[in-house]
Amino acid sequence: MAAHDSEGSILVFAQFQSKVDEGFWHRLSSLKLNKLGIDDSPIPITGFYAPWSHPQVPNNLTLLAQSLPTELSEQSSTAATSHGNRNRCPVQGTLYNMNTIESFHALDKKNLLKEEAKKIWDDMHTGKAVEDSALLSRFLLISFADLKNWTFHYWFAFPALVLDPPATLVDLRRASEYFSLEEAESVSAACNEWRNSSFTAEVPFFLVSIDPNSQATVKHLKDWETCQSDGHKLLFGFYDPCHLPNNPGWPLRNFLALICVRWSLKSVRFLCYRENRGFADLGLSLVGEALITVSQGWREHQCLPNAVGWEHNKGRQVSRCINLAKSMDPTRLAISAADLNLKLMRWRALPSLNLDALSSIKCLLLGAGTLGCQVARMLLAWGVRKITLLDNGRVAMSNPLRQSLYTLDDCLNGGEFKATAAVKSLTRIFPAVDAEGIVMAIPMPGHPVPNHEEDSVLEDCRRLHDLIDSHDAVFLLTDTRESRWLPTLLCANTNKITITAALGFDSFLVMRHGAGPFSSNHDFRAEAANALSAIGNVARIDSDGRQRLGCYFCNDVIAPIDSTANRTLDQQCTVTRPGLAPIASALAVELLVGILHHPQGIFADGEVANSSSNGSSEQPLGILPHQIRGSLSQFSQMMLVGHSSNSCTACSSTVVSEYQERGMEFIIQAINHPTYLEDLTGLTELMKSASSFNLDWDNETDLEEDDDCVQV
Amino acid sequence: MDILSWDGTLSSGDFRLAACAFMQKWKSVMSAFPPWSWVPCPKQPWGASASHDVEGYLSLENIILSCYAQEEHDEISCPQKEETSCSEKEELIDIATLSNCSKVPYYDLHIIYSASYRVPVLFFRAYYSDGEPLGFNAIEKDLPAHSAKALLDSKWTFITQEEHPYLNRPWFKLHPCGTSEWMKLLFHVDVSVAKNGVTIELYLLSWLSVVGQVVGLRIPLEMLNQP
């Protein structure tokens, strides 16, 4: 457009470009939240720029955190004093920060630009711009800070007064081509001196006067009269942020206007001052001559010329938008910090840690009491994000002490539902958790259902069935034996990872249930073998010839009955030593993590400490036990393995297939008639025959060593 | 410093010394880059402060590290007419619009002393020319593939996003827990060290020659051997 060899073409300028450092948005957000509130009056700000010195990219007008007034300062009428240095020449600006996106779009941009341009125009006429030339580069910024989404809409304007008719370019070439060698050397030296002195480094407009001996001096604009009378060669120099070889930078526009207004010059020789690595570079700098042909009327103070200058965004005149959620949204930061923790663990200690499995697993916690609260917290710590808690109780006054998700507030007014309070608490701890609370009672055998309630109990059963179906791991953390029956059956039916934790006064049990009797690993061979073993009292074998591990009820010889009636008060409240619940909960979660990392998952054999070393026990997380029984009175723990019992009232094939055939009808029957289960599984028979002759427990299948015998 | 008993770490006072020496050396050899500067910081009032506590960090900002610097920008010769969305009539011929489509990433590098690990830590961040920050994936794409990848996968380096200790904003950093181990190794194999012993002056340069590669910063080896 403005080639240096074409006479009289319009002078075309490269527009200023903006750069907003993240820190500016942080500071603005904080100002808005803490000080400004809904006040949207204009705020004085400071921008910074410098002569071009980067290879191939222009120097932008930059806003930093310190561009904004500090929150403590009371003066809002004066712009921030210069925090600049030679690479940061301060320039005054005005910020209009709006409160809504609508008001942002509704701003009268034409008028705002005109107002800002008027300030520059006035400064030119009063001479202020000669004293403080940085005023020529005043700028405007409009913005809207959406602090819910951490998105910032903004638009810069660099007001430039339009010469009418526009200036024409007579000549434009590299400064090194324009000056003689001597002159060039002297100009460089003088400019470097100007740039290195703290008095002048931040003054972006200046005069270069070259005497007949080719000695150059750089002077302030206010020395123009003197220079004029000297008669020396005179150039108008300015810090040029632009990098283009054929176009001068934006600051020249207002500079030409100033020269025209103040000194009525028609022909202006200018120097676009650019640097390389901090030193004047006349090969990159440009020298040109412009012709100004405006009318006398244009220069009148009261006739404000037109102004242009809204910044282009990718070639179009639209506002910009930046989203900083990743670095400002506390929830996002919490998520990345949590992830960091786990990743560090994997990096430093456990390269095989499967973080994806942990973050995608869906856990259902039945019971939101002492055990439930602790398990939930431990799961969070392991990076589990999807947690559902089921409990029909309310938070009682004694609960917050032992149930770590509740506080006194949850106990007031009769007490919040535990499931709801737990979800709220988890979300406060870690906002990114996907927690759900279900207020529901678990139907239990031995607690017969009156007819009028049967429908709602059926509904609860179905709901429980669906819940278990839609999760990957289920924790049985309730406070009665019978409440674990139905969940165990449902889990055995669907082969879900099931972990039970149960507390005595000073002892605990933590165990993982084995796979159900009809797991998909089985093929018809196993079916046949099982059909055979139905004759004897042999535990089910799976297709690999191993016995499946037992569930919580496999050790029982009586069916679950109502254990809550006829108990003393303290028994009903399941009083336990406080240390037990955290220990048991922690072990339960670690057990889950172990299962997730074991190649055979729920089909993994139960291991005990000191087991003979074979390949399968060399898992990075250590051994994977079946049952852990601990005693606080002994400060001890032992690991056991129990295999499934054919007479189990919860997971035996008899029971599970009965459920598969008859569904809810079977459940209701079991609930209302607890002896039904014993009859069904043959326990009744078993007990009768046990009293009549000795049963030989050795059988055809290969049992593990004695250590692994079932213990009651 | 006796190399055999040295544990690869640096005291906070030594860090200050090392920083000064480092800035000097850098200026003389890495002239293609701007110089590092020391940014003093106010002492944390609650910190376990002794009078010799490090009160600042090294900073190198606004640099271009990627291959972008070598690419030709094709936007230079396309002045465009602007469409207005403010209703004012603009003079179309008067303005050369540089569409700012070129997304050139700039980097800020800070070297900050970690009192708990007793080693320097490299903090960095990247942003485009309009100030928009780059996420980690974009940085990975931007950096020279070969060296960065090797380092990122190694057990010595681990990039995390953590809060900058002075600026209170998230920056990327190279986790320092492996630093003392490989610094020790580095000095063990360096021939000149065997001759002269471990010197504080060389610490930061040697350290940066390793971690710098993660951000594509190459320090020529001969710089390390100069007296």
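The numbers here are math on the coordinates, done by the rules we state, and not lab data. Bear in mind that the values here come from a model prediction, so they are computed numbers and not experimental data. Neighbour counts are summed over all protein chains in view; Cβ atoms, including those assigned to glycine, are modelled from backbone coordinates with ideal geometry.
Residues whose amide H comes within less than 5 Å of that of residue A:233, counting only those at least five positions distant or on another chain, are A:210 (H built at 1.01 Å from N in the peptide plane). When the pairs B:27/B:173; A:32/A:128; A:148/A:418 are compared against a 28 Å limit on Cα-Cα distance, A:32/A:128; A:148/A:418 fall above it. Going from the fewest other Cβ atoms within 10 Å to the most, the residues A:597, A:673 appear in the order A:673, A:597.
A Förster distance of 60 Å, applied to the separation of the beta-carbon atoms of residue B:140 and residue A:675, puts the FRET efficiency at 0.35. Going by neighbour counts of Cβ atoms within 10 Å, the residues A:456, B:114, A:176 line up, fewest first, as A:456, A:176, B:114.
Along segment A:330-343 the Karplus relation, 6.51 cos²θ - 1.76 cosθ + 1.60 evaluated at θ = phi - 60°, assigns HN-Hα couplings of x, 5, 4, 5, 5, 4, 5, 5, 5, 4, 4, 4, 5, 5 Hz to successive residues, with x for each Gly and Pro.
When the pairs A:109/A:326; A:314/B:103; A:35/A:109 are compared against a 20 Å limit on Cα-Cα distance, A:109/A:326; A:35/A:109 fall above it.
Each residue of segment A:162-174 was assigned a 3J(HN,Hα) from its phi angle through the Karplus expression (A = 6.51, B = -1.76, C = 1.60, θ = phi - 60°), giving 8, 6, 10, x, x, 5, 10, 9, 8, 7, 8, 8, 5 Hz with x at Gly and Pro.
Distances between every pair of Cα atoms in segment A:109-224, grouped in 10 Å steps from 0 to the bin holding the largest one, split as 11, 26, 30, 21, 9, 2, 0 percent. What the Cα convex hull of segment A:240-374 gives, in volume per residue, is 307 Å³. Counting neighbouring Cβ atoms within 10 Å and putting the fewest first, the residues B:121, A:439, A:474 line up as A:439, B:121, A:474. At an R0 of 51 angstrom, the distance between the Cβ atoms of residue A:41 and residue A:355 translates into a FRET efficiency of 0.55.
Take the Kirkwood radius over Cα pairs of segment A:226-292, plug it into Stokes-Einstein at 25 °C and 0.890 mPa s, and you get 193 µm²/s for translational diffusion. Note on segment A:171-298: Rg/Rh from C-alpha atoms, Kirkwood Rh, equals 0.94. The label point for residue A:345 and the one for residue A:230, both projected 7 Å from the Cα toward the Cβ, are 7.3 nm apart. Near the amide H of residue A:354, within less than 5 Å, lie no amide hydrogens of residues on another chain or at least 5 residues away, with H placed in the peptide plane. With θ taken as phi - 60° and the Karplus curve 6.51 cos²θ - 1.76 cosθ + 1.60 applied, the whole-hertz 3J(HN,Hα) list for segment A:120-137 is 5, 4, 4, 4, 5, 6, 7, x, 4, 5, 7, 5, 10, 5, 4, 5, 5, 9 Hz, x standing for glycine and proline.
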